[in-house]
1. Restricting to segment 154-192, and then to whatever is surrounded by 13 or more Cβ atoms within 10 Å (Cβ to Cβ), among the charged types (D, E, K, R) and touching a residue at least 40 places away in the same chain (Cβ under 8 Å), can you tell me which residue is nearest to Glu125 (Cα to Cα)?
2. Residue under question is His254, and the condition is that it be free of Cβ contacts under 8 Å to residues at least 60 places away in the same chain, buried (at least 17 other Cβ atoms within 10 Å of the Cβ) and within 18 Å of the chain's Cα centre (by Cα); does it hold?
3. Given the conditions (1) modelled with pLDDT under 90; (2) under 30 Å from Asn240 (Cβ atoms); (3) not in a helix (DSSP H, G or I), report the number of the one that Pro98 does not fulfil.
4. Quick check on segment 204-218: of everything there that is more than 17 Å from Leu121 (Cβ to Cβ) and among the aliphatic types (A, V, I, L, M), which residue is surrounded by the most Cβ atoms within 10 Å (Cβ to Cβ)?
5. List pairs: first in segment 41-68 and under 19 Å from His82 (Cβ atoms), second of a type in the set (Phe, Trp, Tyr), Cβ under 6 Å, 6+ apart or cross-chain?
6. Count, please, the residues in segment 204-213 that happen to be in contact (Cβ under 8 Å) with a residue 40 or more places away in the chain and more than 17 Å from the chain's Cα centre (by Cα).
Amino acid sequence: MLLSKAWETYESDKRIEGFSHHTLKAYRLQASLLIRYFNDINIDTLTTEQIKKYLAESSKHLKPSSLAHRVRFLKSIFRWSHEEGHIPKNPATKLREPKVGKRIPKFLTEKEIEHLQEACLTTMEKALFEFMFSTGCRIGEIVSLEKNCINWSDRSAIVKGKGDKEREVYFNVRCDIWLKRYIENRTDKDPAIFVTERFPHRMSIAQMRYVIKRISNRAGINKKIHPHQLRHSYATHLLNNGAPIEVIQSLMGHEKSETTRIYAQLSGKLRKEFYQKYF
C-alpha cells in the first residue's frame, strides 16, 4: 500500500473514531511531508532506520514540541498500519518523543479581565467575552454551539469537546444577562449561538479570534490576548477560589488530570496563602 493510500484510509478510520478536525488537519500536513520525503513509496518497505533518518533531516529547525508532534503522528499511523495488517512489523515502535519542558499557561489578572469587560462595546462583544470567560470553553466548542443547547433555568450549556465528548458547562449571572439580550435582539434564524455581524451566519474560529483581538486593542493591555488565555484565566480563577483540581478537570473537559495540574503552578496567590498558614 502506498503511503498516500495508507494516509487516506487512516484518516477515514480516525474520523470515524472521533478524532477532532484540528488533529486530522495537523496530521494531514505531517502526512504530506512524509509522502514528499519518501516519494510515496509502499509503506511496508520503510524501516526504523529510514524513519529515524527522516526525523533527523527534516526536523533540524523544529522546536522540541513540534518534533514531539511529528513523532506522535508517525507512531500513530504506523501502529494503525500494523494493527490493520498493512505492514508485518511496526518500524516506529522504538521512536521516542523528545523531552518537552512544561510551559506554564499565560493567564490574565482580575484587573485585566475588568479592563477587557469595560472595552466590550456591543451586545455581541459582551455576550461572547462573558461566555468565553465564565464557561472556560475552548473556542471550537463555542463556534459549534447552538442556541438550543442552552439551559437558561440553571445557566448551563451542553458543549462537544475533544473526541466529540459532551460535557455540561456553566455561566454566571453577568453572562446570562448579556447572552439573553444578544440572542433576543437578533433577527436572524441561524441556530448558532454566535453569528457574524454582517449577513448573519455561524461565526468562524478566525472571526471569533478577531472579535477578542478587537476588544483587547481597545482595552490597551500590553499583552497579546487570545481566546485560550480566557480559558487559562478561568481555570486559574477557580483554583484561586479554592476549587479542587478534580472539579476543574471535569469543568474544563480534560481527559488527564496532569493537564489540569499545571494550573497549580501558576496559582501564586493560593500558594502564598498556604505558605503563610502552615509555615
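1. Per the criteria, the residue is Arg181.
2. Values: free of Cβ contacts under 8 Å to residues at least 60 places away in the same chain: yes; buried (at least 17 other Cβ atoms within 10 Å of the Cβ): yes; within 18 Å of the chain's Cα centre (by Cα): yes.
Yes.
3. (2)
4. Within segment 204-218, the first condition is being more than 17 Å from Leu121 (Cβ to Cβ), and the residues that meet it are 204-206, 209.
Of the ones still in play, those that are also among the aliphatic types (A, V, I, L, M) are 205-206.
Working: Ile205: 15, Ala206: 9.
Restricting to residues being more than 17 Å from Leu121 (Cβ to Cβ) and among the aliphatic types (A, V, I, L, M), the top hit is Ile205.
5. Final answer for the pair search is Tyr54/Tyr37.
6. Initial filter on segment 204-213 (in contact (Cβ under 8 Å) with a residue 40 or more places away in the chain): 204-205, 208-209, 211-212.
Add one more test, that the residue is more than 17 Å from the chain's Cα centre (by Cα), and what stays is 211.
Total meeting the criteria: 1.
Every residue, every condition in (1) part of a helix (DSSP H, G or I); (2) out of contact with any strand residue (DSSP E or B) (no Cβ under 6 Å at 6 or more places or on another chain); (3) within 21 Å of Asp13 (Cα to Cα); (4) of a type outside the set (Asp, Glu), yes or no:
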{"site": "Ala68", "(1), (2), (3), (4)": "yes, yes, no, yes"}
{"site": "Arg72", "(1), (2), (3), (4)": "yes, yes, yes, yes"}
{"site": "Trp80", "(1), (2), (3), (4)": "yes, yes, yes, yes"}
{"site": "Pro88", "(1), (2), (3), (4)": "no, yes, yes, yes"}
{"site": "Phe107", "(1), (2), (3), (4)": "no, yes, no, yes"}
{"site": "Ile113", "(1), (2), (3), (4)": "yes, yes, no, yes"}
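The values are calculated or read from the model by the stated rules, or taken from the named source; none is laboratory data. As the structure is a computational prediction, the values presented were derived from the model and not from experiment. Note that we place each Cβ from the backbone using ideal geometry, even for glycine, and neighbour counts take in every protein chain shown.
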